[in-house]
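Bear in mind these aren't lab numbers, they're just calculated from the coordinates by the rules spelled out. Remember, predicted model here, so these are calculated numbers, not experimental data. We place every Cβ from the backbone using ideal geometry, glycine too, and count neighbours over all the protein chains shown.
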Amino acid sequence: MMVYAKSQERTLNKTIVTNAMTWLDPDRDVRIAKERAKDLIANGTLNCVWSGRRLNHRNLDVDHCFPWSAWPCSDLWNLLPSHRHVNQNQKRNRLPGSEVLNAARECIQLWWDAAYRNADNPLLPNRFIIEAKASLPGLTDESANPDKIFEAVRMQRLRLKHDQQIPEWVGSGGSFGKIS
């Protein structure tokens, strides 16, 4: 790059060039999802989207639906309440299989509604939609409802499975719970 700039009779600041070419790892931030999950636990019940097991402050984990190791995305739609054992010992860094994802659909959508779309904080519903439209295929202002977002999640799951060959998780065989 420096040689090319010199050939065009331009000078570049080496420090600025080096800083511009430094790879910045994305932030693995689950803080908002965890706070929302704790609020829902304190005000009622919250269940693991994958197993249906009841969650409390000791067994709560926030799972990246699509594994961080394959697709570093901490968008709100990708962060799901999970039982710590399920997330750390069963699903881990695998992609949810099609049947597992479909079986968890209602619980995932209820989570999205309770945690983000109907949140007291007026910024969360907008952030949820903006992030979904930015990172999921085919969403527009008119189609950014829970059903269309879930269909876009299913499409992105297929892309990740095909393009990156991420191992799939076929589930733990539990029933799927609801937020009440």
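Computed values, structure above
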| quantity | calculated |
| --- | --- |
| Length gained when the stretch Thr15-Asn118 is fully extended (0.36 nm per residue, less Cα-Cα span) | 32.5 nm |
| Contact order relative to length of the stretch 58-180, as percent, for alpha carbon pairs under 8 angstrom and 6 or more apart | 31 |
| Distance between modelled label sites at Glu142 and Ser69, nm, 7 Å Cα→Cβ extension | 4.2 |
| Computed [θ] at 222 nm, helices only, for the chain once each DSSP H run of length n ≥ 4 contributes -39500 (n - 2.57) | -11500 deg cm²/dmol |
| For Asp63, residues with placed amide H under 5 Å, excluding near neighbours | Leu80, Ser82 |
| Segments 92-101, 136-145 sorted - mean Cβ within 10 Å per residue, highest first | 92-101, 136-145 |
| Counting DSSP beta bridges with both ends in the stretch 30-169, the antiparallel % (nearest 5) | 75 |
| The stretch 24-180, Cα convex hull volume normalised per residue, Å³ | 109 |
